[in-house]
Amino acid sequence: MFDYQAPADLLKERVILVTGAGDGIGRAAALSFAGHGATVILLGRTISKLEKVYDDIEAAGGPQPAIVPLNLEGATAQDYASVADSIDENFGRLDGLLHNASIIGQRTPLAQFEPAVWQQVMQVNLTAPFLLTQAMIPLLRQSKDASVIFTSSSVGRKAKAYWGAYAVSKFGTEGLMQLTADELDEPSYSIRANSVNPGATRTSMRAFAYPAENPSDNPAPEDIMPVYLYLMGPDSKGVTGQAFDAQSRPPKAPTP
Ligand code: NAP
């Protein structure tokens, strides 16, 4: 696991937006960021799940979060502008942005891959993070120390057969991260952008991709939070344009 011990007040007074905050890794990140003092903006498409995370944050004594219902599949540039306006009105800035929401689509050979599914995966996994980043740039520039995290995958760094649009969208995500890091590395602002590959993690997405696997073989989303906390907090200031792994495993023992 990425080795980082976060102080309890690491994210105090930071405002952080998390996409796909209702489930899986996004839910764990929202709870963890709030648990370290951040005001978290919970963005997602299933309001009941976002409300449950909201209640869990309040019950744990975290700062009052905010909910932004948005389906990234159909969202337009105007929708993103409205999200930006509402954050501007309520907080005046954004200190952290975690692009986490994604879908797998199909795991199918390219020869049979449905073009409509290809478009859908590209829309949610790649175009939405572009549009959201674009809309958030003015708010990130209002922060004294802003961090953008893009969520990648092993197949976004080395493609594997049948991972189709998902793999290609994650390669695109790495490119979008590098572009964002390079463009926003401006002397007058402090904005960094990096990517995280969570590695095999016990969520609905993982269960869908690997139905035969025993879920308890993989770490829970809560276990992979150190790298997310490191990148969201001040200890990663100046670190930008880099690809991180949430889990680093010791080398496997040789098989006899
Ligand atoms: P998950 O359990 O399926 O959660 C995905 C979240 O994204 C859910 O909250 C989902 O909302 C939301 N979402 C999906 N489509 C959306 C849309 N159109 N609009 C708004 N929200 C949407 O997945 P996860 O395993 O936590 O994955 C989180 C990230 O880690 C993803 O980027 C994934 O590619 C990456 N990742 C995961 C693993 C792993 O082993 N789990 C490995 C490598 C990379 P609903 O709850 O409403 O469906």
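Only the coordinates and a few stated rules stand behind these numbers; no lab work does. Keep in mind the model is a prediction, meaning the values are calculated, not measured. Glycine also receives a Cβ, built like all others from the backbone with ideal geometry; neighbour counts cover every protein chain displayed.
Pop a pseudo-label 7 angstrom from the Cα along the beta-carbon direction at both residue 134 and residue 183 and give the gap in nm to one decimal.
Each label point is offset 7 Å from its Cα along the Cβ direction, giving 0.8 nm.
If you stretched the chain out fully between residue 85 and residue 216, how much longer would it get, using 0.36 nm times the residue separation minus the C-alpha to C-alpha distance?
In short, 43.0 nm is gained.
Give the relative contact order (percent, whole number) for the chain; include only Cα pairs under 8 Å separated by 6+ residues.
21 percent
Given only helices, namely DSSP H runs of n ≥ 4 each adding -39500 (n - 2.57), what is the per-residue ellipticity at 222 nm of the chain, to the nearest 500 deg cm²/dmol? Could the numbers behind the result be given before it?
Details: 8 runs with 95 residues, N = 256.
After summing the helix terms and dividing by residue count, I get -11500 deg cm²/dmol.
If the chain between residue 60 and residue 93 were fully stretched, how many nm would it gain, using 0.36 nm times the residue separation less the Cα-Cα distance?
Gain on extension, residue 60 to residue 93, equals 9.4 nm.
Measuring from label point to label point, each 7 Å out along Cα→Cβ, what is the residue 71 to residue 8 span in nm?
4.3 nm
Mind running the shape call on the chain? Use the C-alpha gyration tensor, a ≥ b ≥ c as the square roots of the eigenvalues: rounded below 1.5 for a/c, prolate if a/b tops b/c, oblate otherwise.
Judged from the Cα gyration tensor, the chain comes out rounded (a/c under 1.5).
Within a 10 angstrom radius of the beta carbon, how do 177, 232 rank from fewest other beta carbons to most?
Sorted ascending by nearby Cβ count, the order is 177, 232.
Packing-wise, with mean Cβ within 10 Å as the measure, how do 97-105, 160-168, 201-209 rank, highest first?
By packing density, highest mean first, the sequence is 97-105, 160-168, 201-209.
By per-residue mean of other Cβ atoms within 10 Å, what is the highest-first order of 82-88, 127-133?
Packing order, densest peptide first, comes out as 127-133, 82-88.
Label points 7 Å out from Cα along the Cβ direction at residue 200 and residue 237: separation in nm?
Result for the modelled spin labels: 3.9 nm.
How much net charge surrounds residue 48 when only other residues with a Cβ under 14 Å from its Cβ are counted (Lys, Arg +1; Asp, Glu -1)?
0
Report, ordered by chain and residue number, the lysines lying within cross-link reach of residue 144, taken as a straight Cα distance under 19 Å and ignoring same-chain residues fewer than 8 apart.
Candidates past the 8-residue exclusion: 12, 237.
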